[in-house]
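First up is the structure itself, then whatever we jot down about it.
The values are calculated or read from the model by the stated rules, or taken from the named source; none is laboratory data. Not measured: the values here are computed from a predicted model. All Cβ positions, even for glycine, are placed from backbone atoms using ideal geometry, and neighbour counts span all protein chains on display.
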Amino acid sequence: MHASPYPTREGPENRRAAIEMACAEFDHGDDARHGAELYLGAANVLCLVLSMSDQDDEIRALCSAIEMVYRAEREAVILSYQDVGAALVPLLLRLLDGCEGGGRRATASAESTVSHVSRTLLHMSRISQLRVPLARHPGMMTALERVAALPLSAENRELRMRLLANLANSEGNKAAIFERAGLMEATMKVATLDRAESAREYASAVLMDLSSCPPIQASMARTDRVLATLVKLVVVEDKVETREYAVTGLQNLAFEKDNRAQLVSYGSGVVIEALKKCVISDPNEKTRRRSAGALTNLACDETAERMSNHPGLLQTLAQASSSDENEEVQQRATLALTKLANSITVRMSCWAGLLDALIAASSSTVAEGTVSAMFRVKARDEENRESMANHPRLLETLADLCLRNKDPGGGKAAYKDCENATKAIVHLANDPLNHRLICNKFVLAALVHGASLEGQEGMVTRDAAVLAMERMAMEHSNRPMMARYPGMLVSIAQATEREIMEEINGSVPALPRLAKALLMSLLVAL
């Protein structure tokens, strides 16, 4: 008959031998077998013996055995916690307090006990439904606070921060953690000063998880130390995950509308600068994507002018939208740029910079018509038209967008770009001051192409192109050039034929029938 692997209440020598046997028995990597050990009451017996032990070596060995059995599968850990957790967790927290009390450098045995206890609590915290009850145990928050105040080993600082990160991942704990000033101070101290890269990583994860809690987002954004910590992690950290967590934290805080002005103005724009740096140069595509997402969240009527005046931001977004190797980064950068553009007016000093950025972003292959739509929206405003028509390369860009659907592989997005750009030209042509300026070879090529489109898909663009031609022909000096431009008369003749057929069929046109009169005026100009 085999001896029981569990310690008994016999004499010290027998108890020590039983503890050693238990450690040997439980030292394996089979989760299911650990589960069976928990179901058989291993944690209960070990907890009882630990509560009666006062020898450092015994305590260390018992804590090691407890840690081993809690490597079990999820359901077994839950059942064991429900059975013995109320006694075991307070006991483990008292042991931590005893090993770490007074801030003295721990002995090797105490440091080992701290490690075993921390790992046991970490195993429990892996289970989402145990995180709230774990955090509510008296002494848990105090133990977590000590991470930045004690000379713990790098391993134990990492374990402590991993435990806190797991607890912070529960909605029920986030407000309590943030409202505990000492714990927040410890977290930020580890995040910015700890020499262990992994400890800084988990501290960054804690801040990220807290930032996703709506009730505390405003308070976090108003806490300069939180913002300073996140910015530092974004800018100086080498580890990919740490930067990603910090950027996600800023993105979460920016989601709350009331936080945006605070984030944009903090430290003379250091949040914007950090996100800009990540968007254009971070090697991790997820970090670049979330940086662009954070900038998108920050963009609103109250922040757009300040953000757009930040040195290099518009150009960075334009570059990312057209040249980043990841399509999602391109899409989010484009969204951030167009969201800023919605709030920028011609009276702002960043207006010219915006037009330059939109021109650069127009080459994006994943914009799905958003950039061309922004040109159309801006040209619709009367006060913008003269400035847009005179802006370098803008007319050429609109022409390029109009011609984009010449490529058979362009798809619906190319047709949308063509339609938006043609409508933008129409809006610009509604200003008589622009008539001579926009009558150039680039625009004429675009309008001839648009007026010649076939099928239902090109109907709106055809009508808009004819309307733009008619507006341009109001300037008599434009007519000879227009009449002689290759394909112009043919496209207008085709439009005239369509109008005649519509009239015969009794259909009501969406726009006035202009092609016949336009054709006659150009023929006279020959």
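Only one of the numbered conditions (1) touching an Asp or Glu at 6+ places or on another chain (Cβ under 9 Å); (2) at pLDDT 95 or above; (3) under 27 Å from residue 278 (Cα atoms) is violated by residue 357, and that is (1). Number of residues in the range 58-99 that are of a type outside the set (Lys, Arg), closer than 15 Å to residue 115 by Cβ and more than 39 Å from the chain's Cα centre (by Cα): the value is 10. Of all residues being in contact with a helix residue (DSSP H, G or I) (Cβ under 6 Å, 6 or more places away or on another chain) and outside any helix (DSSP H, G or I) in the range 178-197, which is surrounded by the most Cβ atoms within 10 Å (Cβ to Cβ)? Just the residue, please. Of everything passing the filter in the range 178-197, 194 is surrounded by the most Cβ atoms within 10 Å (Cβ to Cβ). Restricting attention to the range 226-279, the residues that are aromatic (Phe, Trp, Tyr) and under 21 Å from residue 179 (Cα atoms) total 2.
Quick one: is residue 210 touching a Phe, Trp or Tyr at 6+ places or on another chain (Cβ under 7 Å) and either part of a helix (DSSP H, G or I) or of a type outside the set (D, E, K, R) (or both)?
Numbers: touching a Phe, Trp or Tyr at 6+ places or on another chain (Cβ under 7 Å): yes; either part of a helix (DSSP H, G or I) or of a type outside the set (D, E, K, R) (or both): yes.
So residue 210 passes the test.
Residues satisfying the criterion are present in the range 247-259 (criterion: over 17 Å from the mean Cα position of the chain (by Cα) and either among the charged types (D, E, K, R) or surrounded by 16 or more Cβ atoms within 10 Å (Cβ to Cβ) (or both)).
Of all the helices (runs of 4 or more DSSP H) wholly in the range 320-421, which have at least 2 residues that are assigned by TED's automatic domain parsing to the domain that holds residue 293? Per the criteria, 327-343, 351-361. The residues on offer are 200, 225, and the sole one that is under 22 Å from residue 272 (Cα atoms) and in a helix (DSSP H, G or I) is 225. Which residues, taken from the range 192-216, are closer than 19 Å to residue 175 by Cα and of a type outside the set (S, T, N, Q)? 202, 203, 205, 206, 207, 208, 209, 210, 213, 214, 215, 216 - these are the residues of the range 192-216 that are closer than 19 Å to residue 175 by Cα and of a type outside the set (S, T, N, Q). I want to confirm something. Restricting to the range 437-492 and keeping residues that are modelled with pLDDT of 90 or more, loosely packed, with under 14 Cβ neighbours inside 10 Å and part of a helix (DSSP H, G or I), which single residue is nearest to the chain's Cα centre (by Cα)? Checking each candidate, the answer is 441. Residues in the range 5-13: is at least one crowded, with 22+ Cβ neighbours inside 10 Å, within 25 Å of residue 94 (Cβ to Cβ) and either modelled with pLDDT under 90 or touching a His at 6+ places or on another chain (Cβ under 7 Å) (or both)? Yes - at least one qualifying residue is present in the range 5-13. Scanning the range 300-331 for residues that are charged (D, E, K, R) and touching a Lys or Arg at 6+ places or on another chain (Cβ under 6 Å) returns a single hit, 328.
Output the number of residues of the range 33-44 satisfying the condition of being part of a helix (DSSP H, G or I) and surrounded by fewer than 22 Cβ atoms within 10 Å (Cβ to Cβ). Outline the logic, then answer.
Just the residues of the range 33-44 that are part of a helix (DSSP H, G or I), to begin with: 33-39, 42-44.
The next check asks that each one be surrounded by fewer than 22 Cβ atoms within 10 Å (Cβ to Cβ); those that pass are 33, 35-36, 39, 44.
Summing the residues that are part of a helix (DSSP H, G or I) and surrounded by fewer than 22 Cβ atoms within 10 Å (Cβ to Cβ) in the range 33-44 gives 5.
Taken over the range 52-81, the criterion of being among the polar types (S, T, N, Q) and farther than 14 Å from residue 121 by Cα is satisfied by 53, 55. Cβ-Cβ distances below 8 Å connect the following pairs, each with a first residue in the range 25-48 that is aromatic (Phe, Trp, Tyr), a second residue that is not in a helix (DSSP H, G or I), and a separation of six or more residues or different chains: 26/5. Take the conditions (1) surrounded by 24 or more Cβ atoms within 10 Å (Cβ to Cβ); (2) hydroxyl-bearing (Ser, Thr, Tyr); (3) under 25 Å from residue 239 (Cβ atoms); residue 321 misses just one of them, which is (3).
Modelled with pLDDT under 95 and surrounded by 24 or more Cβ atoms within 10 Å (Cβ to Cβ): is that true of residue 367 in this structure? Considered against the rule, which asks whether it is modelled with pLDDT under 95 and surrounded by 24 or more Cβ atoms within 10 Å (Cβ to Cβ), residue 367 comes out as yes.
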